[in-house]
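The structure appears right after this line, and notes come after that.
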Amino acid sequence: LPRDSAVFVGRSPEPLRDLLIALFERTKRRPRMVWLPISYRLDSSRPLSESALTQFEALVSVSGISPAEIAVTQRSVCFVDVVAWGITFENLEDLYLRLAERSGFEPQRLRPLLHYAGLVAEDWGWGSWRQDPAGERLFREQRAQVIAVPRRLWGRLGNAPKTLERYPPELWGSAPRPSPDDQGASAVKLARDLAAFGRDTDVRRDPAPAQQ
(Lines give C-alpha, C1' and ligand atoms only; values in the text may rest on other atoms or scores of the structure.)
Protein backbone atom coordinates (compact mmCIF):
# COMPACT_ATOMS: atom_id res chain seq x y z
CA LEU A 1 0.00 0.00 0.00
CA PRO A 2 1.17 3.58 -0.62
CA ARG A 3 2.40 5.94 2.05
CA ASP A 4 -0.43 8.38 1.44
CA SER A 5 -3.90 7.17 0.34
CA ALA A 6 -5.31 3.82 -0.70
CA VAL A 7 -8.64 4.14 -2.51
CA PHE A 8 -10.76 0.99 -2.67
CA VAL A 9 -12.83 1.24 -5.83
CA GLY A 10 -16.25 -0.33 -6.21
CA ARG A 11 -18.01 -2.74 -3.91
CA SER A 12 -15.79 -5.83 -4.19
CA PRO A 13 -12.76 -4.58 -2.19
CA GLU A 14 -14.90 -3.38 0.73
CA PRO A 15 -14.13 -6.51 2.84
CA LEU A 16 -10.42 -6.07 2.13
CA ARG A 17 -10.58 -2.47 3.33
CA ASP A 18 -12.35 -3.56 6.54
CA LEU A 19 -9.60 -6.09 7.22
CA LEU A 20 -6.72 -3.72 6.46
CA ILE A 21 -8.13 -0.91 8.60
CA ALA A 22 -8.16 -3.30 11.54
CA LEU A 23 -4.68 -4.65 10.78
CA PHE A 24 -3.21 -1.12 10.61
CA GLU A 25 -5.22 0.17 13.59
CA ARG A 26 -2.36 0.33 16.07
CA THR A 27 0.51 1.05 13.69
CA LYS A 28 2.32 4.36 13.95
CA ARG A 29 2.03 5.14 10.27
CA ARG A 30 -0.68 3.82 8.02
CA PRO A 31 -2.05 4.94 4.70
CA ARG A 32 -5.33 6.76 4.59
CA MET A 33 -7.95 4.27 3.39
CA VAL A 34 -10.84 5.62 1.36
CA TRP A 35 -13.80 3.75 -0.07
CA LEU A 36 -15.08 4.97 -3.44
CA PRO A 37 -18.07 2.67 -4.11
CA ILE A 38 -18.65 3.67 -7.73
CA SER A 39 -19.47 1.21 -10.53
CA TYR A 40 -17.77 2.27 -13.73
CA ARG A 41 -16.74 -0.78 -15.69
CA LEU A 42 -19.41 -1.80 -18.18
CA ASP A 43 -20.40 1.80 -18.84
CA SER A 44 -17.14 2.62 -20.60
CA SER A 45 -18.69 2.25 -24.07
CA ARG A 46 -20.76 5.40 -23.47
CA PRO A 47 -19.05 8.79 -23.13
CA LEU A 48 -19.45 10.16 -19.63
CA SER A 49 -21.63 13.27 -19.57
CA GLU A 50 -20.35 16.56 -18.19
CA SER A 51 -23.01 16.29 -15.48
CA ALA A 52 -21.73 12.88 -14.37
CA LEU A 53 -18.15 14.16 -14.47
CA THR A 54 -19.16 17.01 -12.16
CA GLN A 55 -20.83 14.55 -9.79
CA PHE A 56 -17.71 12.38 -9.79
CA GLU A 57 -15.62 15.43 -8.91
CA ALA A 58 -17.95 16.10 -5.97
CA LEU A 59 -17.59 12.49 -4.78
CA VAL A 60 -13.79 12.49 -4.79
CA SER A 61 -13.61 16.02 -3.34
CA VAL A 62 -15.63 14.97 -0.28
CA SER A 63 -13.18 12.08 0.21
CA GLY A 64 -10.17 14.39 -0.07
CA ILE A 65 -8.86 12.74 -3.24
CA SER A 66 -9.82 15.29 -5.89
CA PRO A 67 -7.34 15.87 -8.75
CA ALA A 68 -6.75 19.41 -7.49
CA GLU A 69 -5.88 18.24 -3.96
CA ILE A 70 -3.59 15.49 -5.22
CA ALA A 71 -1.79 17.89 -7.57
CA VAL A 72 -1.36 20.60 -4.93
CA THR A 73 -0.25 18.32 -2.08
CA GLN A 74 1.76 15.99 -4.35
CA ARG A 75 0.52 13.05 -2.28
CA SER A 76 0.18 9.81 -4.19
CA VAL A 77 -3.03 7.80 -4.44
CA CYS A 78 -3.27 4.08 -5.13
CA PHE A 79 -6.58 2.75 -6.46
CA VAL A 80 -7.26 -0.83 -5.36
CA ASP A 81 -9.82 -3.15 -6.93
CA VAL A 82 -10.63 -6.82 -7.44
CA VAL A 83 -10.23 -7.10 -11.20
CA ALA A 84 -10.28 -9.35 -14.22
CA TRP A 85 -9.41 -6.93 -17.04
CA GLY A 86 -8.55 -3.61 -15.38
CA ILE A 87 -11.10 -1.58 -17.34
CA THR A 88 -12.18 0.35 -14.24
CA PHE A 89 -8.61 1.58 -13.80
CA GLU A 90 -8.46 2.85 -17.37
CA ASN A 91 -11.73 4.70 -16.80
CA LEU A 92 -10.48 6.24 -13.54
CA GLU A 93 -7.29 7.44 -15.19
CA ASP A 94 -9.35 9.13 -17.90
CA LEU A 95 -11.73 10.74 -15.38
CA TYR A 96 -8.92 12.15 -13.25
CA LEU A 97 -7.00 13.55 -16.20
CA ARG A 98 -10.15 15.15 -17.64
CA LEU A 99 -10.91 16.75 -14.29
CA ALA A 100 -7.33 17.95 -13.89
CA GLU A 101 -7.48 19.70 -17.26
CA ARG A 102 -10.89 21.19 -16.46
CA SER A 103 -9.51 22.49 -13.14
CA GLY A 104 -6.56 24.14 -14.81
CA PHE A 105 -3.89 21.59 -13.83
CA GLU A 106 -1.59 20.00 -16.35
CA PRO A 107 -2.48 16.28 -16.60
CA GLN A 108 1.23 15.50 -16.73
CA ARG A 109 1.58 16.97 -13.25
CA LEU A 110 -1.07 14.63 -11.87
CA ARG A 111 -0.36 11.40 -13.76
CA PRO A 112 2.77 10.29 -11.78
CA LEU A 113 0.76 10.43 -8.55
CA LEU A 114 -1.96 8.02 -9.72
CA HIS A 115 -1.18 4.36 -9.05
CA TYR A 116 -3.21 1.17 -9.43
CA ALA A 117 -3.18 -2.20 -7.67
CA GLY A 118 -5.37 -4.97 -9.03
CA LEU A 119 -6.12 -8.18 -7.15
CA VAL A 120 -6.37 -10.98 -9.69
CA ALA A 121 -6.88 -14.73 -9.46
CA GLU A 122 -3.43 -16.32 -9.56
CA ASP A 123 -4.46 -18.68 -12.40
CA TRP A 124 -6.10 -15.93 -14.47
CA GLY A 125 -3.35 -13.42 -15.11
CA TRP A 126 -3.67 -9.92 -16.51
CA GLY A 127 -1.95 -10.30 -19.84
CA SER A 128 -4.73 -8.84 -21.96
CA TRP A 129 -4.76 -5.58 -20.02
CA ARG A 130 -0.99 -5.28 -20.23
CA GLN A 131 -1.32 -5.48 -24.01
CA ASP A 132 -3.93 -2.71 -24.15
CA PRO A 133 -2.25 0.66 -24.94
CA ALA A 134 -3.63 2.33 -21.81
CA GLY A 135 -2.72 -0.57 -19.56
CA GLU A 136 0.68 -1.06 -21.14
CA ARG A 137 1.53 2.59 -20.43
CA LEU A 138 0.65 2.26 -16.75
CA PHE A 139 2.88 -0.79 -16.36
CA ARG A 140 5.67 0.83 -18.35
CA GLU A 141 5.51 3.89 -16.11
CA GLN A 142 5.53 1.59 -13.06
CA ARG A 143 2.19 2.92 -11.86
CA ALA A 144 0.31 -0.39 -11.96
CA GLN A 145 0.88 -3.66 -10.18
CA VAL A 146 -0.80 -7.03 -10.14
CA ILE A 147 -1.42 -8.76 -6.82
CA ALA A 148 -2.10 -12.45 -7.51
CA VAL A 149 -4.23 -14.13 -4.87
CA PRO A 150 -5.73 -17.64 -4.65
CA ARG A 151 -8.82 -17.94 -6.85
CA ARG A 152 -10.88 -18.87 -3.80
CA LEU A 153 -10.04 -15.56 -2.10
CA TRP A 154 -10.53 -13.62 -5.35
CA GLY A 155 -13.95 -15.20 -5.77
CA ARG A 156 -14.92 -14.52 -2.17
CA LEU A 157 -14.06 -10.84 -2.48
CA GLY A 158 -15.97 -10.52 -5.74
CA ASN A 159 -19.04 -12.43 -4.55
CA ALA A 160 -19.17 -11.38 -0.91
CA PRO A 161 -22.39 -9.71 0.32
CA LYS A 162 -22.44 -5.98 -0.46
CA THR A 163 -23.58 -3.19 1.84
CA LEU A 164 -24.58 -1.05 -1.17
CA GLU A 165 -26.27 -1.61 -4.51
CA ARG A 166 -24.42 -0.85 -7.76
CA TYR A 167 -23.57 2.84 -8.10
CA PRO A 168 -23.23 3.62 -11.84
CA PRO A 169 -22.67 7.12 -13.32
CA GLU A 170 -26.37 7.91 -13.74
CA LEU A 171 -26.77 7.66 -9.94
CA TRP A 172 -23.68 9.59 -8.84
CA GLY A 173 -25.75 12.68 -8.12
CA SER A 174 -27.69 10.82 -5.41
CA ALA A 175 -26.67 8.93 -2.30
CA PRO A 176 -25.70 5.26 -2.76
CA ARG A 177 -28.57 2.90 -2.00
CA PRO A 178 -28.20 0.23 0.69
CA SER A 179 -28.44 -3.39 -0.39
CA PRO A 180 -31.62 -5.33 0.42
CA ASP A 181 -31.94 -6.14 4.12
CA ASP A 182 -30.78 -9.75 3.90
CA GLN A 183 -27.65 -9.00 1.89
CA GLY A 184 -26.91 -5.80 3.80
CA ALA A 185 -27.10 -7.59 7.14
CA SER A 186 -24.73 -10.30 5.89
CA ALA A 187 -22.30 -7.63 4.64
CA VAL A 188 -22.31 -5.82 7.98
CA LYS A 189 -21.68 -9.10 9.80
CA LEU A 190 -18.76 -9.84 7.45
CA ALA A 191 -17.31 -6.38 8.13
CA ARG A 192 -17.51 -6.93 11.88
CA ASP A 193 -15.95 -10.39 11.62
CA LEU A 194 -13.08 -9.08 9.50
CA ALA A 195 -12.45 -6.19 11.88
CA ALA A 196 -12.28 -8.60 14.82
CA PHE A 197 -10.06 -10.92 12.80
CA GLY A 198 -7.70 -8.07 11.91
CA ARG A 199 -7.38 -7.00 15.54
CA ASP A 200 -6.40 -10.52 16.63
CA THR A 201 -2.83 -10.51 17.95
CA ASP A 202 -1.89 -13.78 16.23
CA VAL A 203 -3.18 -12.52 12.88
CA ARG A 204 -1.11 -9.34 13.21
CA ARG A 205 1.98 -11.50 13.59
CA ASP A 206 1.09 -13.77 10.66
CA PRO A 207 -1.74 -12.49 8.36
CA ALA A 208 -1.28 -15.38 5.88
CA PRO A 209 -4.28 -17.37 7.21
CA ALA A 210 -6.53 -14.51 6.04
CA GLN A 211 -6.29 -15.97 2.54
CA GLN A 212 -7.70 -19.31 3.63
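The values are calculated or read from the model by the stated rules, or taken from the named source; none is laboratory data. Since the model is a prediction, treat every value here as computed from it, not as a measurement. Here the Cβ positions follow ideal geometry from the backbone for every residue, glycine too, while neighbour counts run over all protein chains shown. Areas reflect the complete protein model, heavy atoms only, side chains present, ligands, DNA and RNA absent. Shrake-Rupley method; radii C 1.70, N 1.55, O 1.52, S 1.80 Å.
Values computed for the structure shown
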| quantity | calculated |
| --- | --- |
| Protection proxy ranking of 107-113, 156-162, 170-176 - average other beta-carbon atoms within 10 Å, highest first | 156-162, 107-113, 170-176 |
| Residue 108-residue 177 FRET efficiency (beta carbon distance; Förster radius 41 Å; 0.05 resolution) | 0.65 |
| Accessible area (Å², 1.4 Å probe, nearest 10) - residue 163 | 30 |
| Among 61-67, 136-142, 13-19, the order from most to least packed when residues are scored by Cβ within 10 Å on average | 13-19, 61-67, 136-142 |
| In Hz, Karplus ³J(HN,Hα) per residue of the stretch 50-67 (6.51, -1.76, 1.60; θ = phi - 60°; x = Gly, Pro) | 4, 5, 5, 5, 5, 5, 5, 4, 5, 4, 6, 5, 4, 7, x, 10, 6, x |
| Gained length - residue 136 relative to residue 53, 0.36 nm times residue gap less alpha-carbon distance | 27.4 nm |
| Label point distance in nm, residue 101-residue 63, each placed 7 Å from Cα along Cα→Cβ | 2.3 |
